[in-house]
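Engineer: Can you read through this structure? Questions will come right after.
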Amino acid sequence: MMEEGVYGGGKAGAPFDPLTFIQRPQVILRAVTWLFSVIIFGCISAEGWSKDAKGVEHCHYNNDSNACNYGVGISVIAFLASIGFIVGEYFFEQMSSVKTRKRYVMADMGFSALWSFLYFIGFCYLTNQWTKAEAPEYVVNNMQAAIVFNFFAIFPWAGAAYLAFLRYRQGSAQAFAPSYEADPTNMGGYNSYPDATDPDGGYSQPPFAGQPAQPQSGMQQAPPY
């Protein structure tokens, strides 16, 4: 069994609580990224393309097919990744290996940071092409919605990367934490060997040092007056 709190997870094999699971910040953020990916993919797929008289498809983002493909591509991958990370959160508590949890947390952190950056690039790219486009009125809402949700998607992915970073830092701190605590009552060591270096020579004072010496037997003591 694994100690509670390793990389932000509980003990391996603990009973599953659905209410606690859906209230996790990681799961909530993954649900949001999943929803945003569906919206972006749906908007571009539904109204992002049109055919001319020759049957050739044209992207409404300034007739740049790369813009439409980019928006659809990162959203489809984000859709699948969000589902995968939600499943990963379910199995995270069942991971009995510290190394396995570490790999999962690092993958979560790296992928989330990358996709936050890619959505930022997508927002800038689609916005730039849309300002140059001459699209029909009936596609305006979907094209603008795809741009807006590209912008919104930056933040939940960045938030997921930050939570993964906190998990990684917590796990790293626990890996290097000492396994014992010093005894607060032990204020110092004891010199138990004669050759120990000590300002006083390594010896303590006799128990009755400082008291006057007692007269030896056979010697008379002068009477006090």
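The values are calculated or read from the model by the stated rules, or taken from the named source; none is laboratory data. Quantities reported herein were computed from a predicted structural model and do not represent experimental measurements. Cβ coordinates were reconstructed from backbone atoms using ideal geometry, including for glycine residues, and neighbour counts include every protein chain displayed.
Engineer: Check whether at least one residue in segment 67-82 is within 17 Å of the chain's Cα centre (by Cα) and not aliphatic (A, V, I, L, M), and report yes or no.
Structural biologist: Taking every residue of segment 67-82 in turn, at least one turns out to be within 17 Å of the chain's Cα centre (by Cα) and not aliphatic (A, V, I, L, M).
Engineer: To continue, here is another question. Could you list, ordered by first residue, the pairs with Cβ atoms under 8 Å in which the first is in segment 146-164 and under 16 Å from PHE85 (Cα atoms) and surrounded by fewer than 22 Cβ atoms within 10 Å (Cβ to Cβ) and the second is among the aliphatic types (A, V, I, L, M) and at pLDDT 95 or above, at least 6 apart or interchain?
Structural biologist: Once the first residue is under 16 Å from PHE85 (Cα atoms) and surrounded by fewer than 22 Cβ atoms within 10 Å (Cβ to Cβ) and sits in segment 146-164, its partners that are among the aliphatic types (A, V, I, L, M) and at pLDDT 95 or above give ALA158/ALA113; GLY159/LEU29; ALA161/MET109; ALA161/ALA113; LEU163/LEU29.
Engineer: Taking the criterion of being assigned to a loop (DSSP other than H, G, I, E, B) and in contact (Cβ under 8 Å) with a residue 24 or more places away in the chain, would at least one residue in segment 42-52 satisfy it?
Structural biologist: Yes.
Engineer: Condition (residue is outside any helix (DSSP H, G or I), buried (at least 16 other Cβ atoms within 10 Å of the Cβ) and touching a residue at least 12 places away in the same chain (Cβ under 8 Å)) applied to segment 118-134: is it met by at least one residue?
Structural biologist: Checked against the condition, which is being outside any helix (DSSP H, G or I), buried (at least 16 other Cβ atoms within 10 Å of the Cβ) and touching a residue at least 12 places away in the same chain (Cβ under 8 Å), segment 118-134 yields at least one hit.
Engineer: Assess whether PHE21 counts as being over 24 Å from TYR119 (Cα atoms), in contact (Cβ under 8 Å) with a residue 60 or more places away in the chain and either out of contact with any Lys or Arg (no Cβ under 9 Å at 6 or more places or on another chain) or surrounded by fewer than 16 Cβ atoms within 10 Å (Cβ to Cβ) (or both).
Structural biologist: Yes, satisfied.
Engineer: Among the residues of segment 60-108, which ones are without any contact (Cβ under 8 Å) to a residue 40 or more places away in the chain and either in contact with a His (Cβ under 8 Å, 6 or more places away or on another chain) or over 26 Å from TYR168 (Cα atoms) (or both)?
Structural biologist: Of everything in segment 60-108, those that are without any contact (Cβ under 8 Å) to a residue 40 or more places away in the chain and either in contact with a His (Cβ under 8 Å, 6 or more places away or on another chain) or over 26 Å from TYR168 (Cα atoms) (or both) turn out to be SER65, ASN66, CYS68, ASN69, VAL72, GLY73, SER75, VAL76.
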